[in-house]
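The structure appears below as structure tokens.
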């Protein structure tokens, strides 16, 4: 099992930012309005915080604890200002983090990637899309579902794979 000391500070920053990037990738795919964005941001934070105590994977626990120690806010890379560029940067950040884990700890890589997708899925389920003041709409929009599937494909895992240390 790998730990923070197995990674350079820059690599650790990338690995810790990826859970938030996975959630932001879904949020950016279909902007939910101000209330929906708050719910989705809360879902990202709640999901990885719960992972600290529930995940069987020591790396995921270490990441969650590191993020918790920073007040729930990992150090994030600079993102482009255009929406297409943001989406590409977020998914590429997740790919890079997964590749780092694979290179340092191949036995933990699949669980880490599955965890990122589970966080993205949980973000998608955080707020209804469409409707008015919470009435009507759909729980997960087509764009959000597509974003979860795109992330899963980019990471080489199933978009329906089990959630690591979280409940939907």
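Structure data summary
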item	result
Stretch gain in nm, segment residue 73-residue 99, where the contour uses 0.36 nm per residue and the Cα spacing is subtracted	7.1 nm
Extension gain from residue 84 to residue 4, taking 0.36 nm per residue of separation minus the Cα-Cα distance	25.6 nm
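Just so you know, all these numbers are worked out from the coordinates, no wet-lab data involved. These numbers were taken from a predicted model, which means no experiment stands behind them.
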